[in-house]
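> The structure is given below, and queries will be raised subsequently.
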Amino acid sequence: MRDVAVDWLAAGIDPQRAVVFVQSEVKAHAELHLLLSMMVPLPWLERVPTYKERQEQLRDKDLNTYGFLGYPLLQAADILAYRAQAVPVGEDQVPHLELCREIARRFNHLFGDVFPEPQALLTPGSAPSWNRRPEDVEVVRERDLPQRRRENRRRQGRRHAHRSAEDAPAHSRES
């Protein structure tokens with residue numbers, strides 16, 4: 001867990017602005033997942049494209065388990081528990097997010113307006129996590145952390161400066 005936190009900090013997560021926690025320690029995730037599993041029809045889960053793809057790819061394995069079929073519900077619980085308005089996803093995850101939106105609508109219909117329907121914030125070049133190669137994942141060693149933080153601050157500063165110039169009123173920009 002410590003290594004993951006170090007990687008996140010090196011990647012630029014600002015602990016002053018983001019809460020970093022161990023999700024498995026939050027009972028509400030499991031509880032919401034359980035509640036959702038009791039109200040979502042099985043055909044909704046069976047039509048998720050990645051479920052069908054993985055069944056085809058792993059034909060020789062017994063994937064007729066709730067753990068495999070219900071994984072999108074766990075994802076939905078992760079999103080809905082925080083009432084997320086928008087979720088950064090790759091195109092391969094849009095069907096999962098659409099399922100999450102359907103679940104939010106059904107929950108709201110049954111129990112009142114509780115969850116927003118999260119919108120997709122598409123991120124470029126996202127490969128499914130189960131399809132990533134180990135060599136595609138960069139690991140940051142703790143001794144490299146100070147250098148990575150400096151690099152991230154520099155990049156964020158350039159983006160901020162660029163955004164500020166674009167956002168400035170036309171009369172205040174230099175020609």
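The values are calculated or read from the model by the stated rules, or taken from the named source; none is laboratory data. Fair warning: this is a prediction, and the values are worked out from it, not measured in the lab. Don't worry about glycine lacking a Cβ; one is built from the backbone with ideal geometry, like all the others, and counts go over all protein chains shown.
> Would you please name the residue that is nearest to GLU98 (Cα to Cα), looking only at residues in the range 27-84 that are among the β-branched types (Val, Ile, Thr) and under 18 Å from the mean Cα position of the chain (by Cα)? Steps first, answer last, please.
As a first pass, look at the range 27-84 and keep what is among the β-branched types (Val, Ile, Thr): 40, 48, 50, 65, 79.
Next, from what is left, pick out any that are under 18 Å from the mean Cα position of the chain (by Cα): 48, 50, 79.
Numbers: VAL48: 10, THR50: 13, ILE79: 12 Å.
Checked the range 27-84; the qualifying residue nearest to GLU98 (Cα to Cα) is VAL48.
> In addition: Return the total of residues in the range 69-108 being in contact with a helix residue (DSSP H, G or I) (Cβ under 7 Å, 6 or more places away or on another chain) and among the basic types (Lys, Arg).
The total comes to 0.
> Restricting to the range 62-79, and then to whatever is under 12 Å from SER37 (Cβ atoms) and hydroxyl-bearing (Ser, Thr, Tyr), can you tell me which residue is surrounded by the fewest Cβ atoms within 10 Å (Cβ to Cβ)? Explain how you work it out, then say what you get.
At the first step, the residues of the range 62-79 found to be under 12 Å from SER37 (Cβ atoms) are 66-67, 69-74, 76-77.
Going one step further and asking which of them are hydroxyl-bearing (Ser, Thr, Tyr), we end up with 66, 71.
Working: TYR66: 11, TYR71: 17.
It comes out as TYR66.
> Mind checking which helices (runs of 4 or more DSSP H) fall wholly inside the range 1-120 and carry at least 1 residues that are touching a strand residue (DSSP E or B) at 6+ places or on another chain (Cβ under 7 Å) and modelled with pLDDT of 90 or more?
Values: elements: 2-11, 27-37, 42-46, 49-57, 66-69, 71-80, 94-111.
Counting at least 1 such residues, we get 71-80, 94-111.
> Pairs, please: C-beta under 8 Å, at least 6 apart or cross-chain, first residue in contact (Cβ under 8 Å) with a residue 60 or more places away in the chain and in the range 109-124, second surrounded by 12 or more Cβ atoms within 10 Å (Cβ to Cβ)?
Partner pairs satisfying both residue conditions: LEU110/MET39.
> Here is a follow-up. Which of the following residues is over 30 Å from ARG154 (Cβ atoms) and not charged (D, E, K, R): GLN16, GLN23, GLN85? Full working, then the answer.
Details: GLN16 fails: over 30 Å from ARG154 (Cβ atoms); GLN85 fails: over 30 Å from ARG154 (Cβ atoms).
Selected residue: GLN23, the only one of GLN16, GLN23, GLN85 that is over 30 Å from ARG154 (Cβ atoms) and not charged (D, E, K, R).
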